[in-house]
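K.L.:
Submitted below is the structure of interest, expressed as structure tokens.
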């Protein structure tokens, strides 16, 4: 533990977050799922999408910018392809319902594809892709985001950083999970750097005038840069088309930022895909072939003999094991913010810090 962090146990953090979600209006089951999503994301080390976002979610729920009791419903589609209306619900709940429906469709048709419209920020895309992997399926999850990425040489954001995640079962200690936003970094990393009082690399983002900046607050008020230049930019366009344009939802600047417009639904769109591997490969064969794939990566020669190759999802698995034992590190400013939020909502639970060993 350092002076720059406060460690809390997942066992204390999850029921604390659960209570705040319930006090903000979610049902017991929905609050438990949402809390599990946030804390699990912190356990994986994706702190930009963990409890850092809790205050914004809670305040939007209390203002009904997010509907705390959404009734998701089928809009259109047939066989393995459907679109659902998220009823302005929290992204955690709409994303869950969309992926669970995609899994149902894949059980019947071997592939299930479900778009969701009128949703909100859904946290880490891996949460939904993993739901399919837990059922022995490939899961693909993506979402569109308000324009926050500027094209190389551009002076105005033209697309969102539109994340996509792919999860594949391995039948080992952890699944293959690739989760990435299509900007150089996720916007949440700017928030996290701001909470920590840190500078950011100059190739992450620009200020509002399009100039590179190392100030996370100026960057958050400005634009992100795309991952891989025009390649990331093109992928971002594709995700926006799949999540918003073809589903009948909104796309581009028709969405609303949950920070710039805290009182309004974001109108975010998602696309969930589940692929039923049982149609083409047995679990035992999949386990053996994925083990061989993983072993090949591990055997790859490295310039630094101490370096190691990782299967996507492996670092998150190791981080989770460590944080379950050592606690989840939070910036002191964030810990204080959570305590204040709990007091504001009259929470019975506290959030004690772990003492240093």
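K.L.:
Determine one quarter of the surface area of the Cα convex hull of segment 152-229, which equals its mean projected area, and express it in nm² to one decimal. Mind showing how you got there, number by number?
P.N.:
Values: hull surface 24.5 nm².
Mean shadow area of the hull around the Cα atoms is 6.1 nm².
K.L.:
Using alpha carbon centroids, what distance separates segment 273-295 and segment 1-71, in Å?
P.N.:
Segment 273-295 and segment 1-71 have Cα centres separated by 33 Å.
K.L.:
Okay, moving on. Ranked by Cβ crowding within 10 angstrom, fewest neighbours first, how are 100, 26, 202 ordered? Please list the in-between numbers first.
P.N.:
Values: 100 18, 26 27, 202 13.
The order, fewest Cβ neighbours first, is 202, 100, 26.
K.L.:
Right, here's the next one. Please give the length that would be gained between residue 324 and residue 336 if that part of the chain were fully extended, namely 0.36 nm times their separation in residues minus their C-alpha to C-alpha distance (nm, one decimal). Write down the numbers at each step before the final one.
P.N.:
Numbers: separation 12, 0.36 × 12 = 4.32 nm, distance 2.14 nm.
Contour length minus the Cα-Cα distance gives 2.2 nm.
K.L.:
Let me ask something else about it. Compute the normalised compactness of segment 45-128: alpha-carbon radius of gyration over 2.2 N^0.38 Å, N being the residue count. Mind dumping the intermediate values first?
P.N.:
Numbers: Rg = 13.9 Å, N = 84, 2.2 N^0.38 = 11.8 Å.
My calculation over the Cα atoms of segment 45-128 gives 1.17.
K.L.:
Can you give the Rg/Rh ratio of segment 242-291, where Rg is from the C-alpha atoms and Rh is the Kirkwood radius? Write out the running numbers ahead of the final one.
P.N.:
Numbers: Rg = 18.9 Å, Rh = 14.2 Å.
A ratio of 1.34.
K.L.:
Would you kindly compute the Cα radius of gyration of segment 217-263 and its largest Cα-Cα separation (Dmax), both in Å?
P.N.:
12.8, 34
K.L.:
If you build the convex hull over the alpha carbons only and average its shadow over all orientations, what do you get for segment 136-190? Give it in nm² to one decimal.
P.N.:
On the way: hull surface 19.2 nm².
Over every viewing direction, the Cα hull of segment 136-190 projects on average to 4.8 nm².
K.L.:
From Cα pairs below 8 angstrom and at least 6 apart in sequence, can you work out the relative contact order of segment 18-60, rounded to a whole percent? Don't skip to the end; give the middle numbers.
P.N.:
Details: 29 pairs, mean separation 14.9, N = 43.
Over segment 18-60, the number comes to 35 percent.
K.L.:
Can you give me the convex hull volume of the Cα atoms of segment 73-179, divided per residue and expressed in Å³?
P.N.:
Working: hull volume 11.9 nm³, N = 107.
Measuring per residue, one finds 111 Å³ for the Cα hull of segment 73-179.
K.L.:
Would you work out the relative contact order for segment 136-195, in percent, from Cα pairs under 8 angstrom that are 6 or more residues apart? Intermediate values should be presented prior to the final figure.
P.N.:
Values: 92 pairs, mean separation 17.0, N = 60.
In percent, rounded to a whole number, it is 28.
K.L.:
Given all pairs of different Cα atoms, what value in angstroms does the Kirkwood hydrodynamic radius of segment 25-73 take? Intermediate results must be reported in sequence, preceding the final value.
P.N.:
Values: mean 1/r = 0.0871 Å⁻¹.
By the Kirkwood definition, the hydrodynamic radius is 11.5 Å.
K.L.:
Going by how many other beta carbons lie within 10 Å of each one, how would you line up 37, 243, fewest first? Please report the intermediate quantities before stating the final value.
P.N.:
Numbers: 37 23, 243 28.
Least crowded to most crowded, the residues run 37, 243.
K.L.:
Counting only helical runs of four or more DSSP H residues, what would the 222 nm mean residue ellipticity of the chain come to if each run contributes -39,500 (n - 2.57) and the total is spread over all its residues?
P.N.:
On the way: 11 runs with 134 residues, N = 357.
Helix contribution divided over all residues of the chain: -11500 deg cm²/dmol.
K.L.:
Mean shadow of segment 1-151, computed from the convex hull of its alpha carbons, in nm²? Numbers along the way, then the final one.
P.N.:
Working: hull surface 44.3 nm².
Dividing the Cα hull surface by four gives the mean projection, 11.1 nm².
K.L.:
Could you order peptides 272-279, 64-71, 302-309 by the average number of other Cβ atoms within 10 Å of their residues, highest first? Walk me through the numbers before you get to the answer.
P.N.:
Values: 272-279: 21.6, 64-71: 18.1, 302-309: 8.2.
Ranking the peptides 272-279, 64-71, 302-309 by packing returns 272-279, 64-71, 302-309.
K.L.:
Work out Dmax and Rg for segment 206-306 from the C-alpha atoms and quote the Rg first, both in angstrom.
P.N.:
In order Rg, Dmax, the Cα atoms of segment 206-306 give 21.0, 55 Å.
K.L.:
Expressed in whole Å with the largest first, what are the equivalent ellipsoid semi-axes of segment 243-354 derived from the C-alpha gyration tensor as the square root of 5 times each eigenvalue? Mind showing how you got there, number by number?
P.N.:
Values: eigenvalues 281, 170, 53 Å².
Working through the eigenvalues yields semi-axes of 37, 29, 16 Å.
K.L.:
Binned at 5 Å from 0, what are the whole-percent values of the Cα-Cα distance distribution for segment 200-242, short to long?
P.N.:
Histogram of Cα-Cα distances, whole percents per bin: 6, 26, 23, 17, 17, 9, 2.
K.L.:
Divide, for segment 123-258, the radius of gyration over alpha carbons by 2.2 N^0.38 Å, where N is the residue count. Intermediate values should be presented prior to the final figure.
P.N.:
Details: Rg = 15.8 Å, N = 136, 2.2 N^0.38 = 14.2 Å.
After normalising by residue count via 2.2 N^0.38 Å, the value is 1.11.
K.L.:
Okay, next question. Identify which of the listed values of semi-axes √(5λ) of the Cα gyration tensor in Å was calculated from the structure shown: [x] 28, 26, 24; [y] 32, 29, 17; [z] 36, 31, 17.
P.N.:
Only one listed value fits the structure, namely [x].
K.L.:
Ok, one more. Where both partners of a DSSP beta bridge lie in the chain, what percent of those bridges are antiparallel, to the nearest 5? Numbers along the way, then the final one.
P.N.:
Working: 37 of 43 bridges.
For the chain, the DSSP antiparallel bridge percentage is about 85.
K.L.:
In addition: Counting other beta carbons within 10 Å of each Cβ, put 97, 87 in order, fewest first. Walk me through the numbers on the way to the answer.
P.N.:
On the way: 97 23, 87 18.
Taking fewest neighbouring Cβ atoms as first place, the list is 87, 97.
Just so you know, all these numbers are worked out from the coordinates, no wet-lab data involved. As the structure is a computational prediction, the values presented were derived from the model and not from experiment. FYI the Cβ positions are ideal-geometry reconstructions off the backbone, even for glycines, and counts take in every protein chain you see.
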